[in-house]
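These notes concern the structure reproduced below.
The values are calculated or read from the model by the stated rules, or taken from the named source; none is laboratory data. What you see is a predicted model; the values in this text were computed from it and never measured. For neighbour counting, all protein chains shown are included, and Cβ atoms are generated from backbone atoms with ideal geometry for every residue, glycine included. Keep in mind that these areas ignore ligands, DNA and RNA; they rest on the heavy atoms of the full protein, side chains included. Shrake-Rupley method; radii C 1.70, N 1.55, O 1.52, S 1.80 Å.
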Amino acid sequence: NTGKLDALQLASDLANVNAQMQTLQGQLGSVLGIGQTLQDVTAQRALATNYTNPTARPIVVYGAGTSAAAGASMALVVNGSVVSTSSYAGVGAEFGVSSIVPSGASYWIVAAGLTNGNTLKKWMEYR
């Protein structure tokens with residue numbers, strides 16, 4: 001059948017492509033970035049407080065502060081492991097931490113030597 005279309009083969013190929021597309025669409029629900037936005041959660045977060053990522057996707061957590069004293073530092077902890085640290089030897093510099101937090105993981109930020117009573121200037125989450 002040279003030059004002729006094989007309707008059965010085309011139908012089989014189309015069914016295979018459709019199944020693969022369905023699989024990919026199902027996986028997109030757990031991919032970082034698709035349908036997520038950067039949100040300012042500063043007012044809803046506190047240092048040294050355990051939070052859990054309740055979403056079905058990983059999120060990105062960003063924390064920023066301003067040093068009030070030499071040796072100011074902060075750390076982001078995910079599931080009990082320090083995953084990001086930052087420190088500054090001077091006064092008045094802004095510095096921060098960030099990391100991806102898997103779905104269902106616990107996370108928190110600890111800090112010392114920040115301005116405004118040792119509080120973060122900004123806590124953002126890409127969720």
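Side notes on the structure shown:
- Two-decimal Rg/Rh across the chain, once Rg and the Kirkwood Rh are taken from alpha-carbon atoms: 1.34
- Net +/- balance of residues flanking W123 in space, Cβ distance below 13 Å, scoring K and R +1, D and E -1: +2
- V82 contributes about 90 Å² of solvent-accessible surface, heavy atoms of the protein only, 1.4 Å probe.
- Exposure check, 1.4 Å probe, all protein chains in place: K122 carries approximately 80 Å² of accessible surface.
- Surface exposure of segment 27-102, expressed per residue as accessible area with a 1.4 Å probe, stands at 51 Å².
- When the helices of the chain are scored as -39500 (n - 2.57) per DSSP H run of n ≥ 4 and the total is divided over every residue, the value at 222 nm lands at -6500 deg cm²/dmol.
- Portion, in percent, of the accessible area of the chain that falls on carbon or sulfur, probe 1.4 Å: 56
- Rounded accessible area of S12 (nearest 10 Å², 1.4 Å probe): 60
- Full-extension gain in nm, V91 to S12, via 0.36 nm per residue minus C-alpha separation: 21.7 nm
- Each Lys or Arg adds one and each Asp or Glu takes one away; over the other residues whose Cβ falls under 14 Å from the Cβ of F95, this sums to +1.
- The candidates V17, V31, arranged from most to least accessible area with a 1.4 Å probe in the full protein assembly, appear as V17, V31.
- For A105, the amide hydrogen comes within under 5 Å of the amide hydrogens of N53, counting only partners 5 or more places away or on other chains and with H modelled in the peptide plane.
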